Amino acid sequence: MSPVAITLLVIVIVLAIIIAVLYFLGKKAQKKQAEQQELLDANKQTVSMLIIDKKRMKLKDAGLPQMVIDQTPKMMRGSKLPIIKAKVGPQIVSLICDEKIFDSVPVKKEVKAVVSGIYVLDVKGLHGKTEAAPEKKKGFFKRLVATAQEKAGAKPVK
């Protein structure tokens, strides 16, 4: 065999091994995530709360209990999480919000929230109208394309 063929064969074998390892790690992570979701669903309860503030902040700066910070993996402690500061009954507490609903959570409004421990799973408005999330600003390139199409007389791209 030529050296090129041997090199290509080794590369193909290494790639096949990497793909197999990633496949099994992905299956394992998927099972773990499904178990965690079952636990969250089993422990969820509906609570009425007044949302005071919402931010993305580091775990150690969020004002969460020390036990929660100790239980999180070291790599996650530096990452920013969606945190909601809310008044639940007479207490003001910091809660971790689900990433999917963080943008739709109204600030300074009373809401009914589905909570599992310190994790907010879902939010529904209670009083007044819920404001739509403000539109995101267009990037530089999208603005350039939009102005070019406008000058050319074409329909704007959404």
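Rounded to the nearest 10 degrees, what's the angle between the helix 3-42 long axis and the longest principal axis of the chain, both from Cα atoms, 0 to 90?
Once rounded, the angle reads 20 degrees.
Pick out, in residue order, every one of the trypsin sites (Lys or Arg not before Pro) in region 60-105 that is DSSP loop and has at most 10 other C-beta atoms within 10 Å; say none if there are none.
LYS100
Using the 10 angstrom Cβ neighbour count as an exposure proxy, how do VAL105, VAL93 rank, fewest first?
So the ranking, lowest neighbour count to highest, is VAL93, VAL105.
Lys/Arg Cβ at +1, Asp/Glu Cβ at -1, dipole of region 1-114 taken about the Cα centre: which of ALA20, GLN66, VAL10 is farthest positive-ward?
GLN66
Taking Cα atoms of the chain, Rg/Rh with Kirkwood Rh, to two decimals?
Here Rg/Rh amounts to 1.18.
If I model region 1-92 as equal point scatterers sitting on the Cα atoms and use the Debye formula, what is log10 I(q)/I(0) at q = 0.10, 0.24 Å⁻¹?
Normalising to I(0) and taking log10 leaves -0.53, -1.24.
Extension gain ASP70-ILE19, at 0.36 nm per residue separation less the Cα-Cα distance, in nm?
Using 0.36 nm per residue and subtracting the Cα-Cα distance, I get 15.0 nm.
Determine, for TYR23, TYR119, the number of other Cβ atoms within 10 Å of each Cβ, and report the residues in order from fewest to most. Numbers along the way, then the final one.
On the way: TYR23 10, TYR119 14.
If I rank by nearby Cβ atoms, fewest first, I get TYR23, TYR119.
Among the listed pairs LYS58/LYS109; LYS55/LYS108; LYS58/LYS142; LYS55/LYS112; LYS54/LYS137; LYS27/LYS60, give every one whose C-alpha distance is greater than 22 Å.
LYS58/LYS109; LYS58/LYS142; LYS27/LYS60
Would you calculate, for the chain, the mean residue ellipticity at 222 nm contributed by helices, counting each DSSP H stretch of 4 or more residues as -39,500 (n - 2.57) and dividing by all residues, to the nearest 500?
Calculated at 222 nm, the ellipticity per residue is -13000 deg cm²/dmol.
If R₀ is 41 angstrom, what is the calculated FRET efficiency for the pair ASP98 and GLN149, using the beta carbon separation as r and rounding to 0.05?
0.65
Compute the helix-to-body angle for 140-152: its Cα long axis versus the longest principal axis of the chain, expressed 0 to 90° and rounded to tens.
The helix 140-152 is inclined about 90 degrees to the chain.
Every read-out reported here was derived from the displayed coordinates using simple, explicitly stated rules and does not represent laboratory data. Every value quoted in this text rests on a predicted model; they were computed, and no experiment measured them. Because the Cβ atoms are built from the backbone with ideal geometry, glycine has one as well, and the counts that use them run over all protein chains shown.
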